[in-house]
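Just so you know, all these numbers are worked out from the coordinates, no wet-lab data involved. This structure is a prediction, so every number in the text was calculated from the model and none was measured. Glycine gets a Cβ as well: all are built from the backbone with ideal geometry, and neighbour counts include every protein chain shown.
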Amino acid sequence: MATVRSAAIALFVAAIALFVVAQRLLTAVAQSPTYGVGRAPTRAELKAIDIEVTPDGKGLPRGRGTAAEGKEVYTRRCETCHGPTGKEGPQDVLVGGRGSLASPAPQKTVGSYWPYATTLWDYINRAMPFEHPSTLTADEVYATTAYVLFLNGIVGERDELNEKTLPAINMPNRSGFIADPRPDIGPGAKQKSR
Ligand code: HEC
């Protein structure tokens, strides 16, 4: 009986030792191989910061909003910095400047310069309001995006923006950009593996 018991205890101790070693190994793998600090982020942590929206609309969450709805959000959350019609400032001017880009005094705004409406959604979602970024709901972002586009004469007051209609908007300066012709930089360039 005694030998059976001590064999069982030995097995138990070995199992614990194996468990500790396995855990150490796992931690070592998750740490930066160079400096041995930190750990790999969890899936949930990655998801929380994975908010990128690409020009074609990939990454846009479901939601909706119109300029009529966005006016209220804009007045409350944006107007102090961008002015009642988006033209007054004191911070960046968001409206106007169409046709000014080739003039001696180019005025780059969402309406005159930005090539994609989806980028406007992404920017407002991640960076605005300046002092409280990423605090708007998806619907509020659709609505304020619609309002800024409406102020620029790009969408109607009651046009609904959602994950399908937003990428379909043709921004005034969409074709105002030229691809970089340098072979090592331009669109044909092969991505260097890092
Ligand atoms: C406290 C002031 C403040 C508030 C409030 C604010 N913004 Fe801004 N906004 C800024 C500043 C400052 C910049 C320029 C940031 C930079 O260049 O890094 C900016 C830039 C922008 C731009 C980019 C303009 C461009 O052409 O580069 C957009 C679009 C914008 N804001 C939209 C909004 C919207 C929509 C809201 C409300 C939801 C809002 N902002 C609220 C201060 C503010």
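Looking only at region 155-185, residues that are buried (at least 21 other Cβ atoms within 10 Å of the Cβ) and in a loop (DSSP other than H, G, I, E, B) come to 2 in all.
If I filter region 131-142 for residues that are more than 27 Å from residue 50 (Cα to Cα) and outside any helix (DSSP H, G or I), do I get at least one hit? No - not one qualifying residue is present in region 131-142. When the residues of region 115-139 are filtered to those that are closer than 13 Å to residue 163 by Cα and of a type outside the set (A, V, I, L, M, F, W, C), the one that is surrounded by the fewest Cβ atoms within 10 Å (Cβ to Cβ) is 119. Taking region 133-146 as the range and being near the ligand (Cβ under 10 Å from one of its atoms) and touching a residue at least 24 places away in the same chain (Cβ under 8 Å) as the test, the residues that pass are 136, 140, 141, 143, 144, 145. Restricting attention to region 140-154 and to residues that are crowded, with 24+ Cβ neighbours inside 10 Å and among the aromatic types (Phe, Trp, Tyr), the residue that is farthest from residue 65 (Cα to Cα) turns out to be 147. Within region 78-96, the set of residues being within 7 Å of the ligand (Cβ to nearest atom) and surrounded by fewer than 18 Cβ atoms within 10 Å (Cβ to Cβ) comprises 80, 81, 91, 92.
Number of residues in region 31-77 that are within 16 Å of the ligand (Cβ to nearest atom), over 20 Å from residue 160 (Cα atoms) and in a loop (DSSP other than H, G, I, E, B): the value is 1.
Of the residues making up region 115-130, those that are part of a helix (DSSP H, G or I) and within 15 Å of residue 60 (Cβ to Cβ) are 117, 118, 119, 120, 121, 122, 123, 124, 125, 126. Scanning region 97-114 for residues that are surrounded by 15 or more Cβ atoms within 10 Å (Cβ to Cβ) and either within 11 Å of the ligand (Cβ to nearest atom) or closer than 17 Å to residue 59 by Cβ (or both) returns 97, 107, 109, 110, 111, 112, 113, 114.
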